Structure formats: structure tokens, C-alpha cells
Amino acid sequence: MKLHYLKAVYFFSSHAVEGLTVMNMKEAMFYLLNDYYITCGRIKRSESSGRPYIKCNDCGIRFVEGVCDETVDEWLETDDDSKRNLLVYHRAIGPELPFSPLVYLQVTLFKCGGISLGLSWAHILGDAFSVSNFINNWGQHMAKVNVNSSPALAPRSLTNTAKPEAPSEPLSAKQVNHVGDLWVLANNCKMETFSFNLTTKHLSNLQAKIGSVSAFDSICALLWRAIAKVREGFEPQIITVCRKDPCHDDSNVLGNNQIIRSIKASFLVGESDLNKLATLIANDQDQVCDERNKIEAAVEKDNGCTDYIMYGSNLTFVNLENAGLYELELNGEKPKLAYYSIQCVGDEGAVLIFPLPHGSAAENEGEPRYLVNLTLPEGQVFKLKAELKRAALL
């Protein structure tokens, strides 16, 4: 995970932040970081092996303030995903490892008095579920809720080597060229990010075609087939699917605990039936394998000094339905929107699927229910948008 980064942006109305100051936010963060002390560390290398590790030296996270001359509502109306990068201060780790923060928090004040909270998070600290838990606990401190428990971080020994469950190499991770001390992935093509909403009506129509599988599995099947069609002979036969591990439900645990499964199709995806794809994603356990132990064993072969990627080694789908994205509250109000994305995605691309805030979906078929965020090679984005328009999704 060392070459991957997570970005999160939360938008709040002026009423939600009434009476709150930047100093209030910093004070709550001080208390939070007493528990999540590992986020304040810096990367160093073992003198004997060269393996990187996090030195818990209390160097802190970086806090950034910004000002925007638009209102929150005006900003949310834009379709330009690249604009959201302006709300998240981000720097990759390196080349001077001991001076690179692992977390950046940007508070942006909008013209209307609302704010956005932008978090840049080094994925080595934990997955998107860890990010959500971190920011939700910060909200509890903001509300002066005393959170006394310390996170169960369980630092590992440098000599601890995981044993694979099977001798085969993981399908969901790929070794890349060594990056040295600048932890940035070198793609073979320019990557582009775009997002779109799925409404209650979209989901109803989709699941009427597919049957009784989850909304996430239905969306994955639709996008897998659509992307296969636009790749013209180079369709993805293997995908990676990431979900929350129900066995790791402690909100104070930082770590990369999400389930990582590889799914392989033995047929042409672009010409397949959606029901067949959705069923494969949801139920076919013979071709579905949790690869976390395989990935860890592969990385440990060279004592953690070889560089790998996971997101984008195959076309990767991430389910954030159960990430608690709307559990963060300021003055008792939830965010108007919570938006997550991944920085440094491999050439095969990645798709994040997460819920949107909604009221009575049964009463409004046009109400957005899910936000789908895709990062794909730039040349494929235009074709995919055309494919999604033909499916009446854009």
C-alpha cells in the first residue's frame, strides 16, 4: 500500500459550523492524536535491511487552511472532479522520508460560511474504513465526547514473516519498478478521474435485469461489462473487489484490514449477461479468494523492500457502503456530501462506490443514492461515458 494514498472531502453547511473556529478544530485534533499517535510518525529505514518503518516520533500531521470565493452549493453543482483536488492538500511521501507527513488536513472556508474538510492519508496507515473511523472520532472530540480507548495498532516485528495459504502469487497485487525514496507510482498512461450519481430509479431498473444481488454487486457487474466493451480486445478478465471485513469492526483499529478478493471470468465479459457477472461477483466462491495473506507473503519475500501496487493492478472495485461516511457530525449535523478517491492508481483503473445522503428514496425515484468514482486511463474515459449514456446512466 506504500504507493497508494486516500483522499476524503466532507462538505458542511454554515449552520453545521456555527460557533466553531479553526482553533476548536485543532484542539480536538490534539486530543485525537494522543490516541492515533501513529499518524504523527515519519518514515525511516532500517539501517540493517533498508526496510521502511514508521517511527512514532510525534512529528505531527500537517494542518492547512484555505478560502474559496464560491458557496458550498455552487461547488457541489460542478461536474469537474479535478476541482476537488483543490480542497485536499496532498504531497507524496519522499524524497526526504523523515520530513514527509503521513496525513494532511485542509479546512476550506466557503463564501457562504460553510466549510470543507479535506484529508490526505498515506494508505500504509490504513484503508478507507480506517480513514472514516479516524475522522468520525475527531468529530466526537469536537462534540466534547470523551474517547478514552487507545487504538489497537499492534506494531509488527521486522523479522515477522507471514506464511501464504497457497504457494501461488496473488492475482490482486503486482510488483512494480523500485521507486526509491519518492513514493509515487509511474503509470504507463495518463489517468483521469470522473464520477456520476446513481438514482433510486437507476438501481431499480438495474436490479430488475439482474435479480436478487446487492446494489454494489449490480453496479460492479454493469461497469465491468461496460469497461470491457471500451477496451476493444483487451477486456479485463480478472478484477479485484475490496470490502469491509466484518471481523475488524473496532472503530479504534488502524490498519489495512479490508477483504481483498480476486475474481476471474472464464468467458468474454463484454458479451456476457449482467446476471452472470453479478452472480460471479456475489456468489462464486470457487473463483473468489481473499488474497490478503498471499499479498503479505509476497511482500515479505524480500523483507518488505520490493514495491507493489494493489489498486489498478487489476480493475479494482471498492465497496464503501459500510464505511460510516456520514457518521461525522458537527453541531449535530451530518455532511452535505462525503467524497473519497484514491491517488496513484495503476493502469487497470479503480472504482469506488459509496452511498449518498438521502431521505425517503421510496418517494423520489430521481433521488441520488450512490456516487460512483472512477479512475481510468484518460483515453478510455470518453468511450466509457458514451457507453454509460447508452445505458441511460449519464
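Couple of notes before you dig in:
- Within segment 30-57, the set of residues being open to solvent by 80 Å² or more (accessible area, probe 1.4 Å), of a type outside the set (S, T, Y) and at pLDDT below 95 comprises F30, N34, E47.
- Selection within segment 1-29 - open to solvent by less than 50 Å² (accessible area, probe 1.4 Å) and of a type in the set (V, I, T): V9, V17, V22
- Pairs where the first residue, in segment 65-88, is free of Cβ contacts under 8 Å to residues at least 12 places away in the same chain and at positive phi and the second is assigned to a helix (DSSP H, G or I) and surrounded by fewer than 17 Cβ atoms within 10 Å (Cβ to Cβ), C-beta under 9 Å, 6+ apart: none
- Among the residues listed as K2, K7, the single one being basic (K, R), in a strand (DSSP E or B) and in contact (Cβ under 8 Å) with a residue 40 or more places away in the chain: K7
- Considering the conditions (1) farther than 13 Å from Y339 by Cβ; (2) buried (at least 20 other Cβ atoms within 10 Å of the Cβ), F63 is excluded by exactly one of them, (2).
- The strands (runs of 3 or more DSSP E) located wholly in segment 300-394 that include 2 or more residues which are polar (S, T, N, Q), modelled with pLDDT of 95 or more and under 20 Å from A221 (Cβ atoms) occupy 315-319, 368-377.
- Selection status of G304, closer than 23 Å to C242 by Cα and more than 15 Å from the chain's Cα centre (by Cα): yes
- Selection status of F63, under 19 Å from Y104 (Cβ atoms) and either of a type in the set (G, A, S) or within 23 Å of the chain's Cα centre (by Cα) (or both): yes
The values are calculated or read from the model by the stated rules, or taken from the named source; none is laboratory data. Note that the structure is predicted; figures quoted are calculated from it, not measured. Quick reminder, even Gly has a Cβ in these numbers, built from the backbone with ideal geometry, and neighbours come from all protein chains shown. Heavy atoms of the whole protein, side chains included, go into the accessibility calculation; ligands, DNA and RNA do not. Shrake-Rupley method; radii C 1.70, N 1.55, O 1.52, S 1.80 Å.
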